[in-house]
Amino acid sequence: MAEQAENSTAKKKSMSFLEHLEALRWHIMRSVIALLVITSVLFFYSDFIFDTILFGPTKPGFITYRALCKLSEVLHMGNSLCVQSKVQFKLVNTEMWGQLTMYMWGTFIAGFIITMPYILWEIWRFISPALKPTELKSTRGFVFAASILFLIGVCFSYFIIVPWTVNFLNDFKLSSGTDIQNLPNVRSYVSTVTTLVLWIGVIFELPMVTYILTLLGIISPAFLKKYRKHSVVVVLIVAALIAPPDVASQVFISIPLYLLFEVSIFVAKFAERRRIAKSKF
């Protein structure tokens, strides 16, 4: 195996710039083909994707609302956390092609999320031949770990951040003395949900990115600890951008994001120990 890895690495390094581009082109093409195939299949399950998944947070019976209500009972808080009765959405469409466009976009995003593990695998296939055998061994499990982190971020965003955000924005009143109805455009709603889900999924890749950068010697645990205070500011800014503008929501979202940074420091320590151990051989 080690000899095969060395031969693969030597072959990759001997490739010209144009050959690298050609290899990258095929990796991208295979990823695009997989994405199109999955998306095409999902067109047959559009009712589930939209009624159950995408528009789930607009319905009183959404799992997050039921869980909050159950938590309220367990904590003997009455119905203070129950939001079923407050969830009242009425989406409108103001564009001739609006619903068709969102139909295709929503299905594409669902396909992209499902295809992400394969896309990460293609990225890994392109990068791995350029790594040394020791680096290759240290980064084994990259696709699995990156896929799990992405899916955790997607779930966290969908079940926690999205319901909080869309309900706050739907109920927000510019003026209490003027009757202004909120009639969200379906394009605005779908864009908000998909943007939050994808970006939080990407943010949750931070430990994996930290691990790789530490193995390559670009960053270190000391570097991350040095900027720990700065990370608090960055986390608060990110939370302010993706959460409703109330203190409780921003604190609730900031905590897991900051814990993600602390996990990244732990991951960096582990990666640095592995890098130092490999350098001794």
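Quick note: the coordinates plus some simple rules give every number you see, no bench work behind them. Note that this is a predicted model, so its numbers are computed, not measured. With ideal geometry, Cβ positions are generated from the backbone for all residues, glycine too; neighbour counts draw on all protein chains shown.
Here the relative contact order of region 178-270, from alpha carbon pairs under 8 Å that lie six or more residues apart, stands at 38 percent. Between the amide H of ASN185 and those of VAL92, distances stay under 5 Å, these residues lying 5 or more places away or on another chain, with hydrogens modeled in the peptide plane.
Taking the C-alpha atoms only, the angle from helix 186-203 to the longest principal axis of the chain is near 40 degrees.
Using the Kirkwood formula on the Cα atoms of region 199-239, what hydrodynamic radius do you get, in angstrom to one decimal?
With all distinct Cα pairs of region 199-239 included, I get 11.2 Å.
Residue-normalised convex hull volume from the C-alpha trace of region 26-134: 164 Å³ per residue. For the chain, a crude dipole built from +1 on the beta carbon of Lys and Arg and -1 on the beta carbon of Asp and Glu, taken about the Cα centre, is about 1180 debye to the nearest 20. Run through all the Cα pairs of region 45-199 and give the fraction in each 10 Å bin from 0, expressed as whole percent. Histogram of Cα-Cα distances, whole percents per bin: 9, 29, 28, 18, 10, 4, 0. Taking the charge dipole of the chain about its Cα centre, with +1 at Lys and Arg Cβ atoms and -1 at Asp and Glu Cβ atoms, the residue from PHE55, THR107, ILE237 reaching farthest to the positive side is ILE237. Kirkwood's formula applied to the C-alpha pairs of region 162-232 gives a hydrodynamic radius of 15.8 angstrom. Listed from fewest to most Cβ neighbours within 10 Å, the set TYR227, TYR103 follows the order TYR227, TYR103. Taken over the Cα atoms of the chain, the convex hull encloses 183 Å³ per residue. Taking the Kirkwood radius as Rh and the Cα radius of gyration as Rg, region 146-281 has a ratio of Rg/Rh equal to 1.12. For helix 206-215, what angle does its Cα long axis make with the longest principal axis of the chain, in degrees from 0 to 90 and rounded to 10? That works out to roughly 10 degrees. Return one number: the angle in degrees, 0 to 90 and rounded to the nearest 10, between the long axis of the Cα atoms of helix 2-14 and the longest principal axis of the Cα atoms of the chain. That helix lies at roughly 80 degrees to the long axis.
Taking all Cα pairs closer than 8 Å and separated by 6 or more residues, the relative contact order of the chain comes to 20 percent.
Find, to one decimal place in angstroms, the Kirkwood hydrodynamic radius of region 121-204, where the mean of 1/r is taken over every pair of different Cα atoms and then inverted.
15.9 Å
Determine the relative contact order of region 76-201: mean sequence separation of Cα pairs under 8 Å and six or more apart, normalised by residue count, in whole percent. Taking the mean separation of contacting Cα pairs over the length of region 76-201, I get 43 percent.
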